[in-house]
Amino acid sequence: MTPFPLKIVTPDGLLFDGEAEEILVRTTSGDAAILAGHINYVAPLGMGRAVVISGGNRRTAACIGGMLSVVDGAVTLVPTTFEWAESIDLSRAEASLQRADKVLHDKASSDTDLRLAEARLRRALVRKSVASNL
């Protein structure tokens, strides 16, 4: 496959800067796969698994929020959170899931607490799913 330049930049810094043959991410309107020669494209990122194929190697990550852009063949992924599968702390994800579940089942939780807990639950589920499918 023909490679293209890919940068993955988070608020914590540059996570990837190199050539890739394919990237697959979840946007807010569904999954998007980018190959070399893709038209110019911008999309908001959703919450889900990201797959990067570079040098014939496949790596997965939890990718949450942000933007994807393709400009003149160069791809830039600017997620709010991006964690390679091998770096995800499963016990931390499980603890976050348990905390969210507790808030969701507490009848005294405010609407704001419930919305935050739902988001925490979704993030934890994505992390657990990505980490357990290495």
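The values are calculated or read from the model by the stated rules, or taken from the named source; none is laboratory data. All figures in this text were calculated on a predicted structure; none of them were measured in a lab. Every residue, glycine among them, receives a Cβ derived from its backbone with ideal geometry; neighbour counts consider all protein chains shown. Protein only, heavy atoms only, side chains kept; ligands, DNA and RNA dropped before computing areas. Shrake-Rupley method; radii C 1.70, N 1.55, O 1.52, S 1.80 Å.
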Pairs please, first residue from region 1-26 and closer than 13 Å to VAL51 by Cα, second anywhere and open to solvent by 30 Å² or more (accessible area, probe 1.4 Å) and among the basic types (Lys, Arg), Cβ atoms under 8 Å, 6+ apart in sequence or on different chains. PHE16/LYS7; LEU24/ARG49; ARG26/ARG49
Please pick out the residue among ASP12, ASP31 that is within 24 Å of LEU125 (Cα to Cα), charged (D, E, K, R) and under 12 Å from the mean Cα position of the chain (by Cα). ASP31
Qualifying position, being open to solvent by 30 Å² or more (accessible area, probe 1.4 Å), hydroxyl-bearing (Ser, Thr, Tyr) and closer than 29 Å to LEU90 by Cβ, among THR28, THR10: THR28
Within region 77-110, take every residue that is in contact with a strand residue (DSSP E or B) (Cβ under 8 Å, 6 or more places away or on another chain) and hydrophobic (A, V, I, L, M, F, W, C) and give me the one that is nearest to LYS7 (Cα to Cα). LEU77
I'm told ASP113 meets every condition in (1) over 17 Å from the mean Cα position of the chain (by Cα); (2) modelled with pLDDT of 90 or more except one. Can you identify the failing condition by its number? (2)
Based on this model, can you work out whether VAL75 counts as within 22 Å of PHE16 (Cα to Cα) and among the aliphatic types (A, V, I, L, M)? yes
Pairing a residue in region 54-74 that is among the aromatic types (Phe, Trp, Tyr) with any residue that is open to solvent by less than 30 Å² (accessible area, probe 1.4 Å), where Cβ atoms lie under 8 Å and the two sit 6 or more apart in sequence or on different chains, gives none
Flag if ILE23 is part of a strand (DSSP E or B) and either among the small types (Gly, Ala, Ser) or open to solvent by 30 Å² or more (accessible area, probe 1.4 Å) (or both): no
